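Single-structure report; data block below.
The values are calculated or read from the model by the stated rules, or taken from the named source; none is laboratory data. As the structure is a computational prediction, the values presented were derived from the model and not from experiment. Cβ: placed from backbone, ideal geometry, glycine included. Neighbour counts: every protein chain shown.
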Amino acid sequence: MRLFTLIMALLLAGTAHAGAWLRAEGTGFLAYSTTFEEDGALNGSFYGEYGVRPKLTLGLKADIDMTVGRAGNGSAFVFARKPIQTRDRPFRLAYEVGIGSTFGQSSDMLLLTGLSYGRGIKIAGKHGWFALDGSVEWSLGDGTDTGKLDTTVGLTLNDRFKVMVQVFHSLTDTASTTTLAPSVIWQRKPDRPSYQIGLEAEEGAVALKLGIWQTF
């Protein structure tokens, strides 16, 4: 109950990453990133989505521990996202439902529910975006429910460079973590992949993050 109350309060306080924007029909997006931590831990994340219909985006996301000796532990989800009608409001809302599982040393089926808010912004003459994505990963077995709230502020500097600052907050019944993640995204040409380089800071530890994005 504590987890559910906090997630709903945070979402409603913001009115409802880009999760609020659906993919155009027939188009898709892929992203892969690797995080190198100071203690030698290595983590990989994959994200993909595809616009099946104008009001339906399907996707897949996975997080995998690739550290030597622990490789193979992680979680994965398939999900569907649909918009929430906002009429002529200057923001977008969407909800998300999915099913997934942890894997590796433990296996626990998970139900994913999420709500996203997003809008365009303008700072110092530069256009960008603000996004607030809240979700809960509900354990369908003996595991732990996990609430997540991700905040993103991004800005397009020019045709090649974007900057982005994200704050990831994760909460269970026994612990909570907050991660600050600034990054720079570079795209050589409009039809080429984008490359991300950034840092993730959590409780005094800093990790290097490298990623690649591709639309199709």
Turns out the strands (runs of 3 or more DSSP E) fully within segment 33-133 with at least 3 residues that are surrounded by fewer than 13 Cβ atoms within 10 Å (Cβ to Cβ) are 109-123
I need the full set of residues from segment 176-194 which are within 27 Å of Gly28 (Cα to Cα) and among the polar types (S, T, N, Q), in order please. Ser183, Gln187, Ser194
For segment 33-60, name all the residues that are out of contact with any Leu (no Cβ under 8 Å at 6 or more places or on another chain) and within 19 Å of Gly100 (Cα to Cα). Asn43, Gly44, Ser45, Leu58, Gly59, Leu60
Taking only pairs six or more apart or across chains, which ones have beta-carbon atoms under 9 Å, a first residue in segment 91-111 that is at pLDDT 95 or above and of a type in the set (S, T, N, Q), and a second residue that is part of a strand (DSSP E or B) and surrounded by 14 or more Cβ atoms within 10 Å (Cβ to Cβ)? Ser101/Ser75; Ser101/Ala76; Ser101/Phe77; Ser101/Leu110
Please name all residue pairs, on different chains or six or more residues apart, with Cβ atoms under 6 Å, provided the first residue is in segment 181-206 and is farther than 11 Å from Lys162 by Cβ and the second residue is not in a strand (DSSP E or B). Ala205/Glu38
So Asp173 fits all but one of (1) more than 19 Å from the chain's Cα centre (by Cα); (2) at pLDDT below 95; (3) under 18 Å from Phe29 (Cβ atoms); what number is the exception? (3)
Residue in segment 140-160 that is nearest to Thr174 (Cα to Cα), counting only those that are at pLDDT 95 or above and hydroxyl-bearing (Ser, Thr, Tyr): Thr146
Yes/no for Gly118 being modelled with pLDDT under 95 and either of a type in the set (Phe, Trp, Tyr) or under 17 Å from the mean Cα position of the chain (by Cα) (or both): no
